[in-house]
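Peer 1: The structure's right below; bear with me while I get my questions together.
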Amino acid sequence: TVLQMGLAILISEIGGKFFKKITQTAMFLPYFISWVVVGMIAYNFLNVEYGTINALIAKLGGEKINFYGTTWVWPFILVFFSAWKNVGYGTVLYLAAIMGIDTEIYEAAEIDSASEWKKFTNVTLPELKPITIYILLTITIGAFKLIVQPMVMTGGGPAFSTYSLVYYIYDTGTVNWDMGYASAMAIIF
């Protein structure tokens, strides 16, 4: 959320309509990419034998890293790819909210000789509060429904490090065929 808000404020302050449109489009594009494609991109970066990162490490004389066998890195990798995929969506929402702020409020702040920082903290941030609450709520709801990203990218991950509650319910009901227990978990959840 902080990254989305920061990028939106940065883009709104940068001049040049053409640059703004290109930047918005480039940032918003990953939002439309399927998690399956994101999983393939991650695989192409992280594969031990053919991955871009390991090829770079080997070229620099280092030892290749087995990302798919290392449990502690996956929470960071999942957060990184989730942020990359979703930052554009939130940035566009914040940009729309920033464009919706009445310019007369900023003009009144300038008349009162408010600095740029004061305008930001006393005008922009309070005006962005409703969209921030909306984004935080949708992110929280999405986190509880998290199943597709870890399933596609890791299949549960090394030693089940990317297992989530929803993934566990899915696994219990469809893989282990314990529908009663899975149904009870889904109702409680």
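Peer 1: With θ set to phi - 60°, apply the Karplus curve 6.51 cos²θ - 1.76 cosθ + 1.60 along segment 43-54 and write out the HN-Hα couplings as whole Hz, x wherever there is a Gly or Pro.
Peer 2: Rounded to whole hertz, the list is 4, 5, 7, 9, 4, 5, 7, 10, x, 4, 5, 5.
Peer 1: Let me ask another. Rank Lys20, Lys59 by accessible area, highest first, at a 1.4 Å probe radius?
Peer 2: Numbers: Lys20 45, Lys59 175 Å².
From most exposed to least exposed: Lys59, Lys20.
Peer 1: Let me ask another. Report Ser34's accessible area, 1.4 Å probe, all protein chains in place, as a number in Å² to the nearest 10.
Peer 2: Only protein atoms counted, so the area is about 60 Å².
Peer 1: Additional query: Considering the values (1) 1.33; (2) 1.17; (3) 0.99, which represents Cα Rg over 2.2 N^0.38 Å as calculated for the structure under consideration?
Peer 2: Checked against the structure: label (1).
Peer 1: Of all the C-alpha pairs in segment 1-94, what % are more than 24 Å from each other? List each step's numbers first, then the result.
Peer 2: Numbers: 1659 of 4371 pairs.
Pairs farther apart than 24 Å: 38 percent.
Peer 1: What figure, in Å² to the nearest 10, do you get for the accessible area of Tyr168 with a 1.4 Å probe and non-protein molecules left out?
Peer 2: 80
Peer 1: Could you please state how large a percent of the accessible area of segment 27-119 is carbon and sulfur, counting protein chains only and using a 1.4 Å probe? Write down the numbers at each step before the final one.
Peer 2: On the way: 4000 of 5980 Å².
Answer for segment 27-119: carbon and sulfur cover 67 percent of the accessible area.
Peer 1: Which net charge results when you count Lys and Arg as +1 and Asp and Glu as -1 among the other residues whose beta-carbon is under 11 Å from that of Ile101?
Peer 2: Net local charge, Ile101 excluded: -2.
Peer 1: Right, another one. Which longest run of the chain has no exposed loop site in it, a site being GluC sites (Glu not before Pro) in a DSSP loop with at most 16 other beta carbons within 10 Å, and the site itself not part of the run? Each step should come with its number before you reach the end.
Peer 2: Values: sites that count: Glu49, Glu63.
For GluC sites (Glu not before Pro) (loop position, at most 16 other Cβ atoms within 10 Å), the longest site-free span of the chain is 64-189.
Peer 1: For segment 1-103, state which chymotrypsin sites (Phe, Trp or Tyr not before Pro) are in a DSSP loop and have at most 12 other beta carbons lying within 10 Å of their beta carbon.
Peer 2: Numbers: sites: Phe18, Phe19, Phe28, Tyr31, Phe32, Trp35, Tyr43, Phe45, Tyr50, Phe67, Tyr68, Trp72, Phe76, Phe80, Phe81, Trp84, Tyr89, Tyr94; in loops: Tyr50, Trp72.
Here the chymotrypsin sites (Phe, Trp or Tyr not before Pro) that fit, given the DSSP loop and packing criteria, are Tyr50, Trp72.
Peer 1: Shape of segment 54-114 from its Cα gyration tensor (a ≥ b ≥ c, root eigenvalues): rounded if a/c is under 1.5, otherwise prolate when a/b > b/c, or oblate? Intermediate values should be presented prior to the final figure.
Peer 2: Values: a/c = 4.60, a/b = 3.08, b/c = 1.49.
In terms of gyration-tensor shape, prolate.
Peer 1: Sticking with this one: Determine ³J(HN,Hα), in whole Hz, for all residues of segment 72-78 in sequence, where each value follows from phi through the Karplus function 6.51 cos²θ - 1.76 cosθ + 1.60 and θ = phi - 60°; x replaces Gly and Pro.
Peer 2: 6, 7, 5, x, 5, 5, 5
Peer 1: Give a residue-ordered list of calculated ³J(HN,Hα) values for segment 131-137 (Karplus: 6.51 cos²θ - 1.76 cosθ + 1.60, θ = phi - 60°; whole Hz; x for Gly, Pro).
Peer 2: Running phi through 6.51 cos²θ - 1.76 cosθ + 1.60 with θ = phi - 60° gives 5, 5, 4, 4, 5, 5, 5 Hz.
Peer 1: Something else about it: Ranked by accessible surface with a 1.4 Å probe, highest first, in what order do Met27, Met40 come? Don't jump to the answer; show the numbers that get you there.
Peer 2: Values: Met27 35, Met40 105 Å².
Reading off the accessible areas and sorting them downward yields Met40, Met27.
Peer 1: Residues of the chain: accessible area per residue at 1.4 Å, in Å²? Before the final figure, lay out each step's value.
Peer 2: On the way: 12040 Å² over 189 residues.
Solvent-accessible surface per residue comes out at 64 Å².
The values are calculated or read from the model by the stated rules, or taken from the named source; none is laboratory data. Note that this is a predicted model, so its numbers are computed, not measured. Ideal geometry is used to build each Cβ from the backbone, glycine not excepted, and the neighbour counts take in all protein chains shown. Calculation scope for accessible area: heavy atoms of the full protein, side chains included, ligands and nucleic acids excluded. Shrake-Rupley method; radii C 1.70, N 1.55, O 1.52, S 1.80 Å.
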